[in-house]
Amino acid sequence: MAAPMSGVGKPSVTSFQKKTRSKLISIAGTRPSVQNGQLLVSTGVTSLDYLLGGGLAVGTVLLIEEDRYDSYSRMILKYFLAEGVVCRHELFVAAAQDNPDDILQELPAPILDDIAIHKPAEQPRLSSEPQESLDAMKIAWRYQNLPKVQSALASSCRFGHYYDVSKTMEPEIRQAAKFHRFYVPEHPTQSSPTHSTMPESYSALLKSLQEVIHREGFDLAAPMSNSRNILRIGLHSLGSALWGDDLCCHDNPKNGHSLTTFLYGLRALLRSSLSVAVVTVPSHLIQDRALMGSITRLCDNAIALESFKGSERETNPLYKDYHGLLYVRQIPHLNCLASKLPDHKDLAFKLKRKQFTIERLHLPPDLSETVSRVSRGELSGAAAVASACGSVTSGNKHLDF
């Protein structure tokens, strides 16, 4: 006898659920990362975005170890702020030496068309062109199928804008962005308590940042709205004596952990808000390398700039095409087990007439011209010695031992 079918007429129950994508925040000037889904913003330098895995993740800190004269690190900071102005992000600029208003007035002008990346079309070859001129550069057969080395760092899809450093941004574009400032001379230092681990300037800066994040709605705890935006934070030359810090003044600073304590508080604010920060530090003035390592590890991204200005490499013909070297100290591990490291560790930067670019470092393959010149000098010197000794009787130009 068959068992009665008790489920007849009832809808079948299943554990299958349709997989749907999580809702991503859509903000102008951002895009999700293809590696970990993190929301990214552009630094303003396309080659630097490529090194950082596509851009700078929201909620992270980028540390820039300044070059000796603070020329190129300051330029990267201006690129970062200029990208925020073009994308209509809000800005927060803090400095101790220069007025933040002066920094904003020096932002590079955006290139709104594709003139910077436009390449002229190749001209068709004429049929009457001799075959010898086409085959003038022949290399060994074993190297013909190898891919050509590309020195430029660029992604397949464009992210961010291009800027002309020879021009400054128009006031109409600059004034359209919302701007918050923190200038250390305008915040007089008060007598801090003895148990305080930070100078008064760092404490006031953290308090000002916290107020802006909560007041302007960048806090993730605030209710979601359709008008969400990104806060770009630029902190110039932290750790210098102008901030009231003695890291760069003594081998054993009194406030040795003041900057690290500030970075702890800064990361806590950024992790819970739609904010991203770029911090520059004069690392060449900090004597304690272990402390500098702690500062680097407290940041998510870290790069270092070494300028050739004032050094022997400035006149070295090997580096004639570059203005300095760039070192990638740290890449973040966000929502993944391993980060995407750059495929090339020998990096250099150069400032063209209009653009700042980062490229793979390639030295000249041969110095045959220099070598031949030296050898000719040695031969002429040897001939002079031989003629002075009177040992050349057979008319040879070289010494005969």
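The values are calculated or read from the model by the stated rules, or taken from the named source; none is laboratory data. A quick note: this is a predicted structure, and the numbers were derived from the prediction, not measured. Cβ atoms come from the backbone with ideal geometry, glycine included; neighbour counts cover every protein chain shown. To get the accessible areas, we keep the full protein, side chains included, count just its heavy atoms, and leave off ligands, DNA and RNA. Shrake-Rupley method; radii C 1.70, N 1.55, O 1.52, S 1.80 Å.
If I filter segment 65-102 down to residues being among the β-branched types (Val, Ile, Thr) and touching a Lys or Arg at 6+ places or on another chain (Cβ under 9 Å), which single residue comes out as nearest to Ala304 (Cα to Cα)? By that ranking, first place goes to Val93.
With the condition kept exactly as written, say whether any residue in segment 251-269 is of a type in the set (A, V, I, L, M, F, W, C), in a loop (DSSP other than H, G, I, E, B) and more than 18 Å from Ala302 (Cα to Cα). Within segment 251-269, not a single residue is of a type in the set (A, V, I, L, M, F, W, C), in a loop (DSSP other than H, G, I, E, B) and more than 18 Å from Ala302 (Cα to Cα).
Examine segment 54-71 for a residue that is assigned to a helix (DSSP H, G or I), open to solvent by 10 Å² or more (accessible area, probe 1.4 Å) and aromatic (Phe, Trp, Tyr), and state whether such a residue exists. So far as segment 54-71 goes, no, none of its residues is assigned to a helix (DSSP H, G or I), open to solvent by 10 Å² or more (accessible area, probe 1.4 Å) and aromatic (Phe, Trp, Tyr).
To keep it simple, each residue is scored yes or no on (1) hydrophobic (A, V, I, L, M, F, W, C); (2) touching a Pro at 6+ places or on another chain (Cβ under 9 Å); (3) open to solvent by 10 Å² or more (accessible area, probe 1.4 Å).
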{"position": "Gly256", "(1), (2), (3)": "no, no, yes"}
{"position": "Gly265", "(1), (2), (3)": "no, no, yes"}
{"position": "Ala268", "(1), (2), (3)": "yes, no, yes"}
{"position": "Ser272", "(1), (2), (3)": "no, no, yes"}
{"position": "Ala277", "(1), (2), (3)": "yes, no, no"}
{"position": "Gly293", "(1), (2), (3)": "no, no, yes"}
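For segment 31-46, the set of residues classified as open to solvent by less than 50 Å² (accessible area, probe 1.4 Å) and in a loop (DSSP other than H, G, I, E, B) consists of Ser33, Asn36, Gly37, Gln38, Ser42, Thr43, Gly44, Val45, listed by residue number.
Quick check: is even one residue across segment 97-119 at pLDDT 95 or above, open to solvent by less than 30 Å² (accessible area, probe 1.4 Å) and more than 18 Å from Met169 (Cβ to Cβ)? The answer is no; no qualifying residue exists. Anything in segment 168-183 that is free of Cβ contacts under 8 Å to residues at least 60 places away in the same chain and either farther than 22 Å from Gly217 by Cα or open to solvent by less than 50 Å² (accessible area, probe 1.4 Å) (or both)? List them, or say none. The answer is Pro171, Glu172. Can you pull out every residue in segment 302-323 that is surrounded by 14 or more Cβ atoms within 10 Å (Cβ to Cβ), touching a residue at least 12 places away in the same chain (Cβ under 8 Å) and more than 18 Å from Leu285 (Cα to Cα)? Result: Tyr319, Asp321, Tyr322, His323.
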